[in-house]
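These notes concern the structure reproduced below.
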Amino acid sequence: MAEAETRYRTVADFTHDWEFWRRPDGTFEYVSPACEQVSGHVAREFLEDPTLLDGLVHEDDVPTWRTALESASGSTSAVPLEFRIRRRDGEVRWVRFASNPVRLPDGSAAGVRGSIADVTSRKLGELALERAYQEIAALKDRLEAENTYYREKIQSVEGSGELLGQSDPMKYLHFRIRQVAPSDTTVLILGETGTGKELVAEAIHSLGPRKDRPLVKVNCAALPPSLAESELFGHEKGAFTGSTAQRKGRFELADGATLFLDEVGELPPELQAKLLRVLQDGTFERVGGHRTIKADVRVIAATNRNLVQDVKAGRFREDLWYRLNVFPISVPPLRQRKEDVPTLALAFVERACQRLAKPALEVPRSVMEALQAREWPGKVRELQNLIEQAVLVSDGPTLRLPEQAPFEVPGSPGPTTARSLEEVERRHIIEVLESAGWKLEGADGAAALLGLKPSTLRSRMQKLDIRRPSS
């Protein structure tokens with residue numbers, strides 16, 4: 001035993017690691033000279049004051065240190081542990097501690113033999129790398145939110161990039177947008193379907209203090225009831241069947257940015273309560289989680305419903321209504337600003353020609369008068385769709401309206417046979433399909449002739465119930 005101890009001390013005296021042998025009563029049998037390099041204290045100090053080592057351990061790491069010592073005395077193998085110590089000069093250093101129990105020949109415990117190595121450089125590098133990974137993860141989440149935003153914007157209806165028009169209702173709308181945009185105030189946009197509520201949200205965001213961050217969009221009406229909460233607030237791994245990984249919701253992705261809740265009146269009652277909480281204190285929990293998450297989000301909501309009537313009928317929470325209705329903005333329907341029709345029509349013609357790779361078309365005065373005479377049901381989108389159809393069927397240098405389009409031309413004996421836009425579109429698609437021999441894809445296929453993707457054409461055929469004749 002004495003010979004083995006001598007060999008151990010001889011080797012330990014010349015190592016760079018701080019080696020020691022601690023008896024069961026806490027005193028030290030041996031402390032190597034390297035302790036001074038690591039801790040700033042010489043070996044004699046530890047032999048005279050056995051509590052010195054425990055006192056060097058960083059206060060936040062003391063519980064871990066004590067647990068490691070207890071497990072080391074009964075373990076048959078080394079127990080690695082990394083913790084912080086304060087050197088004599090006050091500098092905090094990271095060390096790696098490994099130990100194993102010492103047994104006498106008769107099997108009785110003789111204490112613990114330990115080794116402490118200074119690993120500050122490596123540990124600081126690991127911590128810096130971990131912080132970098134966390135920053136990368138945060139940036140990745142932001143990029144995902146931005147990609148979602150731009151992907152949705154690209155896939156949205158083309159030609160709706162601006163709030164065009166100089167009518168009095170539109171001038172007032174622009175005035176209201178400029179009033180609220182510079183603040184973080186919650187905005188509720190009211191208007192009929194197809195009037196451009198999303199464009200108003202984009203304008204408010206682009207003129208606001210968060211314009212350098214994405215506008216994250218959620219169509220509340222399109223959220224499946226079973227996944228709506230997860231989509232808005234995220235979920236933890238295993239929160240429900242199929243949730244194989246943690247997922248951040250739109251509120252978390254919009255932290256520091258703007259969240260646009262379209263068709264907010266379609267949210268179910270249970271989600272209305274959770275939305276109210278976020279608007280009140282900015283906190284929420286992921287589905288299946290217990291950690292409260294705080295997010296700094298500006299909320300812009302929109303609806304085509306009469307929420308006042310929904311509140312009276314018990315379909316919408318009154319307290320949520322007051323939280324959303326801080327700054328209401330009403331978007332005027334097209335029938336209330338018919339003087340804007342020429343401006344919109346010219347813009348839609350130009351964009352449709354560019355998108356469909358057709359030469360620029362002139363708009364005859366008679367066509368413009370017909371467009372202005374139409375009693376639009378309030379939808380700019382309806383005008384946009386009809387212009388696109390007109391561009392598709394116009395072969396010459398001027399724009400001509402589709403046959404039997406739903407218009408009343410001034411000075412004509414009477415209105416033409418009224419057809420819905422879907423009927424006009426269905427007829428046009430069938431004509432193109434017939435001219436292409438019902439071939440959908442390829443350079444001479446109907447999709448190419450219509451300027452559509454084959455998948456888009458199939459989707460339109462399914463919606464319009466267009467089927468190839470069996471014969």
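The values are calculated or read from the model by the stated rules, or taken from the named source; none is laboratory data. Here the structure is a predicted model, which means the values were calculated and not measured. Note: ideal-geometry Cβ built from the backbone for every residue, glycine included; neighbour counts use all protein chains shown.
Let me confirm something: among V102, V57, V62, V42, which residue is surrounded by 12 or more Cβ atoms within 10 Å (Cβ to Cβ) and under 16 Å from H16 (Cα atoms)? Spell out how you get there, then give the answer.
Values: V102 fails: under 16 Å from H16 (Cα atoms); V57 fails: under 16 Å from H16 (Cα atoms); V62 fails: under 16 Å from H16 (Cα atoms).
Being surrounded by 12 or more Cβ atoms within 10 Å (Cβ to Cβ) and under 16 Å from H16 (Cα atoms) holds for just one of V102, V57, V62, V42, which is V42.
Taking the condition at pLDDT 90 or above and either crowded, with 16+ Cβ neighbours inside 10 Å or not in a loop (DSSP other than H, G, I, E, B) (or both), does E70 pass?
Values: at pLDDT 90 or above: no; either crowded, with 16+ Cβ neighbours inside 10 Å or not in a loop (DSSP other than H, G, I, E, B) (or both): yes.
Against the criterion (at pLDDT 90 or above and either crowded, with 16+ Cβ neighbours inside 10 Å or not in a loop (DSSP other than H, G, I, E, B) (or both)), E70 does not qualify.
Kindly indicate whether F97 is assigned by TED's automatic domain parsing to the domain that holds V38, within 39 Å of the chain's Cα centre (by Cα) and either at pLDDT 85 or above or more than 24 Å from G234 (Cα to Cα) (or both). Before the answer, list the steps.
Working: assigned by TED's automatic domain parsing to the domain that holds V38: yes; within 39 Å of the chain's Cα centre (by Cα): no; either at pLDDT 85 or above or more than 24 Å from G234 (Cα to Cα) (or both): yes.
In short, no.
Within the stretch 11-25, count every residue that is at pLDDT 85 or above and exposed (fewer than 13 other Cβ atoms within 10 Å of the Cβ). Reasoning before the result, please.
First, pick out the residues of the stretch 11-25 that are at pLDDT 85 or above: 17-25.
Now drop any that are not exposed (fewer than 13 other Cβ atoms within 10 Å of the Cβ), which leaves 25.
Result for the stretch 11-25: 1.
Of all residues in the stretch 330-352, which are over 27 Å from V180 (Cβ atoms) and buried (at least 18 other Cβ atoms within 10 Å of the Cβ)?
Those that are over 27 Å from V180 (Cβ atoms) and buried (at least 18 other Cβ atoms within 10 Å of the Cβ): V341, A345, F348, V349, R351, A352.
When you look at P359, is it within 30 Å of Q179 (Cα to Cα) and not in a helix (DSSP H, G or I), yes or no?
Working: within 30 Å of Q179 (Cα to Cα): no; not in a helix (DSSP H, G or I): yes.
Against the criterion (within 30 Å of Q179 (Cα to Cα) and not in a helix (DSSP H, G or I)), P359 does not qualify.
For the stretch 348-359, enumerate the residues that are without any contact (Cβ under 8 Å) to a residue 60 or more places away in the chain and over 16 Å from Q384 (Cα atoms). Lay out the reasoning, then the answer.
Step one: filter the stretch 348-359 for residues without any contact (Cβ under 8 Å) to a residue 60 or more places away in the chain, giving 349-350, 353-354, 358-359.
If the condition is that a residue be without any contact (Cβ under 8 Å) to a residue 60 or more places away in the chain and over 16 Å from Q384 (Cα atoms), then K358, P359 are the ones that fit.
Are any residues in the stretch 105-131 over 17 Å from E70 (Cβ atoms), surrounded by 10 or more Cβ atoms within 10 Å (Cβ to Cβ) and modelled with pLDDT under 85, and if so, which ones?
none
Pairs only if they're at least six apart or on different chains, beta carbon under 8 angstrom, first in the stretch 414-437 and under 16 Å from V391 (Cα atoms) and not assigned by TED's automatic domain parsing to the domain that holds Q389, second at pLDDT 80 or above and basic (K, R); list them, first residue then second.
Filtered contacts from the stretch 414-437: E425/R460; I429/R460.
Conditions tested, residue by residue: (1) of a type in the set (D, E); (2) closer than 30 Å to K294 by Cα; (3) at pLDDT 90 or above.
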{"residue": "S167", "(1), (2), (3)": "no, no, no"}
{"residue": "T185", "(1), (2), (3)": "no, yes, yes"}
{"residue": "T195", "(1), (2), (3)": "no, no, no"}
{"residue": "V200", "(1), (2), (3)": "no, yes, yes"}
{"residue": "R210", "(1), (2), (3)": "no, yes, yes"}
{"residue": "L223", "(1), (2), (3)": "no, yes, no"}
{"residue": "G234", "(1), (2), (3)": "no, yes, no"}
{"residue": "T241", "(1), (2), (3)": "no, yes, no"}
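Assess whether G256 counts as being small (G, A, S) and in a helix (DSSP H, G or I).
Details: small (G, A, S): yes; in a helix (DSSP H, G or I): no.
In short, no.
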